[in-house]
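Here's the structure we're looking at; comments come further down.
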Amino acid sequence: MEARAIQRTVRQSARKMRLVIDLIRGRGVAEADAILRFSKKRAARQIHKVLKSAVANAQQAAQRQNAPFDADQLRVKYAVVNEGATLKRFTAAAMGRATPIKKRTSHIEIHVASDAAPVPAAKATPATKATPKTKAATSKKKTVKKKTQKKTKKASK
């Protein structure tokens, strides 16, 4: 079961939000929920809302498909924060000038998916062929041998 939730135009810069979203990427939903709940960052509250929404969307999708649902089996599969539209404002400055203020926004997107059973790796054949040596590798060895032989001949003279 996979579900997603998106929140657009959150009034905080994407750079600050990414610090928090990096903490939960790839973790279980219960663990991510605990991290966000006890984080001191302001961004954690908005990200927590989106995570809860994604879990609720997964639950609704499971009900629609009449499939069993367990929130503890969900993991944060994909979590990203992108830049949103920037609000441009101006404030007064010295000598009648105006200086720009950029109020940045961001978009949060979180995908949650249930843990699938790991796919067993394909069995390797017992008699594996050795990889043939390349010409460059063999020619290097020959030149090294020749140089060492020349050095030993000079030393013996």
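The values are calculated or read from the model by the stated rules, or taken from the named source; none is laboratory data. Remember, predicted model here, so these are calculated numbers, not experimental data. When we count neighbours, we look across all protein chains shown, and the Cβ atoms used for this are built from the backbone with ideal geometry, even at glycine.
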Notebook entry, point to check: Could you say whether any residue in the range 30-44 is of a type in the set (Phe, Trp, Tyr) and loosely packed, with under 14 Cβ neighbours inside 10 Å?
Noted result: yes
Next item on the list: Could you please find all residues in the range 16-35 being without any contact (Cβ under 8 Å) to a residue 60 or more places away in the chain and either over 17 Å from the mean Cα position of the chain (by Cα) or under 23 Å from Thr86 (Cα atoms) (or both)?
Entry: Lys16, Leu19, Val20, Asp22, Ala30, Asp33, Ala34
Note to self: I'd like the full set of residues that are in contact with a strand residue (DSSP E or B) (Cβ under 9 Å, 6 or more places away or on another chain), farther than 12 Å from Ala79 by Cβ, modelled with pLDDT of 95 or more and outside any strand (DSSP E or B), limited to the range 1-29.
What the structure shows: Arg11, Gln12, Ser13, Ala14, Arg15, Lys16
Item checked: Residue among Ala155, Ala136, Ala116 that alone is at pLDDT 60 or above, out of contact with any helix residue (DSSP H, G or I) (no Cβ under 7 Å at 6 or more places or on another chain) and more than 26 Å from Ala34 (Cβ to Cβ) -> Ala155
Next item on the list: Return a yes/no flag: does the range 84-105 have any residue that is within 17 Å of the chain's Cα centre (by Cα) and at pLDDT 95 or above.
Entry: no
Check: Out of (1) more than 17 Å from Met1 (Cβ to Cβ); (2) polar (S, T, N, Q); (3) modelled with pLDDT of 95 or more; (4) not in a strand (DSSP E or B), what's the single condition that is false for Thr128?
Finding: (3)
